[in-house]
Amino acid sequence: MLEQLLIFTRGGLILWTCKELGNALKGSPIDTLIRSCLLEERSGAASYNYDAPGASYTLKWTFHNELGLVFVAVYQRILHLLYVEDLLAMVKREFSQIYDPKRTAYPDFDETFRQLKMEALARAEDLKRSSPNPVAGNAKKQVQGNNKSEFEGGNKKKSGGVAKDGGGKDGDGGNGRRSENGHSNGNFVVAKDTNLSSDVNGRQNGSPNAGAFDVHKLQKLRTKGGKKVDTAAKASKAEPNKKAIKKNRVWDDGATTETKLDFTDHSAEDGDRNIDFVVADQGESMMDKEEIVSSESEEEEEEEENVGNKRKPEAKNKGWFSSMFQSIAGKANLEKSDLEPALKALKDRLMTKNVAEEIAEKLCESVAASLEGKKLASFTRISSTVHAAMEEALIRILTPRRSIDILRDVHAAKEQRKPYVVVFVGVNGVGKSTNLAKVAYWLLQHKVSVMMAACDTFRSGAVEQLRTHARRLQIPIFEKGYEKDPAIVAKEAIQEASHNGSDVVLVDTAGRMQDNEPLMRALSKLIYLNNPDLVLFVGEALVGNDAVDQLSKFNQKLADLATSPNPNLIDGILLTKFDTIDDKVGAALSMVYISGAPVMFVGCGQSYTDLKKLNVKSIVKTLLK
């Protein structure tokens, strides 16, 4: 049964709802649809599943882009109503005829909807009657075909003479069992017999080693390897007195002492002086500097488009007069076939910028859904219209939907006399510890007291690495060594920070692959036990399609393994190695699109100051250039 059907404008004004249905929806499926699909360019699929406590809904929708209307139908997911799409199309057609932008209520549409619903139900019933139980008919045909193939397979077995020592009986028994189930794999049996018969024919033709491993080749390889080993042994025996002496490498044409480079020795006499020197010379973090985007890229882009348009030959099926008239008068309504060439070019461009293929395809589908049916303005090309729509969609996706001002949240937590806890998670080798130190340096510049928590008790050297950063930045670190429960270490670190008056606790965790069940369970336990204020996913800007897999599985595992009904998922993204990718900036778009979390930090170098904000306009221009 249909739960609800409503019509509203893109501005959010509800024009009509079905009073006949009037069912109270559990949760807020319409609001979730607007936030998660319509505002984030996920409207290409035209279907969305919403889970609420005690109910599971499926939402389907369609647009009238020329009038700016949205038609949404809601029904229970378990019902699988077949007439909903047909009903939405009829409602769209009838409502667009009576729509008036000045009107805000349409009570006279109730009777029209009742008739449309009855018509859609009648069509669905006619379809069912015209094809009575097509699944059963297919199953009967399949059983008959399989029995026939089994019979043929049995004849082949008898004629081929492959199975002699009871093998044929086993095969026949297997065939009997499959035919009883009603879903026999007769084709599979025949293929198996043909392989066996071909194998026998090969043996009869006098090629016993056909398809088998050649033992003589293996012996030759072993003799070759033995000869190489013998020659190496002779060479080592011939020159026993010569010893290779490794010389110390000298950096920057100057002699360097071990005490100058070693910061892990607590007893170093000049360690404090070196630390002061390192901290003082770093300067202002790039987080506090405004990035200026030059207009040269726009001029270059326009020049490239003009050159490309000159090189492209004119379409042969359209004369110059018709194309000129169309550009002046504008096209009546944009159709999907008109948009496909421009969208395909945009999709290829996004994929060359390292955007995941799945994300690029969904974005193009969403842009097509938003433009289909619109009237093309005068003196406007379809490619420029699609380009402008894609630019708006990318800006809307990459712009954070909520405030990401960490300093404000830190001061709010300080007023409540509790530390602000940030947990850094991610896969192996992406730079979690290094970028944690960069965030600590940025917080120190804003007079915020920071404490590090070494909760990577799995990787060798992780505690020492974090200890080195803590000594260079002169901030406290809480550590318990290795092979400890990281959830307990983090909890004790937060307690220690509340006793010492630290404002922020930065929790370093072990790198783990998204498919590692034990480590993901340990991470879920750490987040559930300590309830951090911010969970940062640290990801490389170098990844392409794997970004979708990493973020989606991290979020899915954190949700599945959590014991609370409202689990803490990924709140933000820290994108590392951004200085190594040139114009391949698509990982930022893929990560934000798949998770909905904003990019809060961008790592762009090796020093503590190389941490900056994401410039959305610059990223969009680079993606579409």
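The values are calculated or read from the model by the stated rules, or taken from the named source; none is laboratory data. This is a predicted model, so every value here is computed, not measured. Virtual Cβ from ideal backbone geometry, glycine too; neighbours counted across all protein chains shown. These area figures cover heavy atoms from the full protein model, side chains too; ligands, DNA and RNA do not enter into them. Shrake-Rupley method; radii C 1.70, N 1.55, O 1.52, S 1.80 Å.
Overview of values
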| read-out | value |
| --- | --- |
| Meets criteria (open to solvent by less than 10 Å² (accessible area, probe 1.4 Å), farther than 24 Å from I404 by Cα and out of contact with any Gly (no Cβ under 7 Å at 6 or more places or on another chain)) for L466 | yes |
| Any hit, the range 129-145, residues being modelled with pLDDT of 65 or more and out of contact with any helix residue (DSSP H, G or I) (no Cβ under 9 Å at 6 or more places or on another chain) | yes |
| Any hit, the range 507-524, residues being touching a residue at least 40 places away in the same chain (Cβ under 8 Å), of a type outside the set (K, R), open to solvent by 60 Å² or more (accessible area, probe 1.4 Å) and in contact with a strand residue (DSSP E or B) (Cβ under 8 Å, 6 or more places away or on another chain) | no |
| Meets criteria (surrounded by 17 or more Cβ atoms within 10 Å (Cβ to Cβ) and either at positive phi or part of a helix (DSSP H, G or I) (or both)) for A345 | no |
| Where A497 falls short, out of the listed (1) hydrophobic (A, V, I, L, M, F, W, C); (2) over 16 Å from V535 (Cβ atoms); (3) open to solvent by less than 30 Å² (accessible area, probe 1.4 Å); (4) touching a helix residue (DSSP H, G or I) at 6+ places or on another chain (Cβ under 9 Å) | (4) |
| V423 vs. criteria closer than 23 Å to D571 by Cβ, of a type in the set (V, I, T), open to solvent by less than 20 Å² (accessible area, probe 1.4 Å) and part of a loop (DSSP other than H, G, I, E, B) | no |
| Condition met for L121 (modelled with pLDDT under 90, out of contact with any strand residue (DSSP E or B) (no Cβ under 8 Å at 6 or more places or on another chain) and assigned to a helix (DSSP H, G or I)) | yes |
| Residues of the range 373-400 satisfying the condition of being open to solvent by 70 Å² or more (accessible area, probe 1.4 Å) and either touching a residue at least 24 places away in the same chain (Cβ under 8 Å) or in contact with a Lys or Arg (Cβ under 8 Å, 6 or more places away or on another chain) (or both) | K374, K375, F379, R381, R396 |
| From D533, D485, residue being closer than 21 Å to P567 by Cβ, in contact with a strand residue (DSSP E or B) (Cβ under 7 Å, 6 or more places away or on another chain) and open to solvent by 50 Å² or more (accessible area, probe 1.4 Å) | D533 |
| Of residues in the range 569-582 being more than 25 Å from N531 (Cα to Cα) and of a type outside the set (S, T, N, Q), the one most open to solvent (accessible area, probe 1.4 Å) | D582 |
| Residue check for W16: of a type in the set (F, W, Y), modelled with pLDDT of 80 or more, assigned to a strand (DSSP E or B) and more than 27 Å from R402 (Cα to Cα) | yes |
| Considering residues of the range 42-93 that are part of a loop (DSSP other than H, G, I, E, B) and of a type in the set (D, E, K, R) only, the residue surrounded by the most Cβ atoms within 10 Å (Cβ to Cβ) | R42 |
| Residue in the range 40-48 that is under 22 Å from R103 (Cα atoms) and touching a helix residue (DSSP H, G or I) at 6+ places or on another chain (Cβ under 8 Å) present | no |
| Lone qualifier among S403, S370 - being of a type in the set (S, T, Y) and either assigned to a helix (DSSP H, G or I) or open to solvent by 60 Å² or more (accessible area, probe 1.4 Å) (or both) | S370 |
| Matching residues, the range 445-469, being of a type outside the set (V, I, T) and part of a helix (DSSP H, G or I) | Q445, A462, E464, Q465, L466, R467, H469 |
| Positions within the range 27-86 being within 24 Å of the chain's Cα centre (by Cα) and in contact (Cβ under 8 Å) with a residue 60 or more places away in the chain, in sequence order | R35, S36, L39, E40, E41, R42, S43, G44, A45, A46 |
| Sole residue being modelled with pLDDT of 90 or more, under 14 Å from the mean Cα position of the chain (by Cα) and among the aromatic types (F, W, Y), chosen from F601, F537 | F537 |
| Search result, residues across the range 489-503 that are touching a residue at least 24 places away in the same chain (Cβ under 8 Å) and not in a loop (DSSP other than H, G, I, E, B) | V489, A490, K491, A493, I494, E496, A497, S498, N500 |
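For every residue, the table says whether it meets (1) in a loop (DSSP other than H, G, I, E, B); (2) among the β-branched types (V, I, T); (3) open to solvent by 60 Å² or more (accessible area, probe 1.4 Å).
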{"position": "R408", "(1), (2), (3)": "no, no, yes"}
{"position": "R417", "(1), (2), (3)": "yes, no, yes"}
{"position": "L443", "(1), (2), (3)": "no, no, no"}
{"position": "R471", "(1), (2), (3)": "no, no, no"}
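Residue-by-condition table, conditions (1) outside the structural domain of L466 (by the TED database); (2) touching a His at 6+ places or on another chain (Cβ under 7 Å); (3) open to solvent by less than 10 Å² (accessible area, probe 1.4 Å); (4) farther than 27 Å from P518 by Cβ:
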{"site": "T563", "(1), (2), (3), (4)": "no, no, no, no"}
{"site": "P567", "(1), (2), (3), (4)": "no, no, no, no"}
{"site": "K584", "(1), (2), (3), (4)": "no, no, no, yes"}
{"site": "A597", "(1), (2), (3), (4)": "no, no, yes, no"}
{"site": "F601", "(1), (2), (3), (4)": "no, no, yes, yes"}
{"site": "Q606", "(1), (2), (3), (4)": "no, no, no, yes"}
{"site": "L611", "(1), (2), (3), (4)": "no, no, yes, yes"}
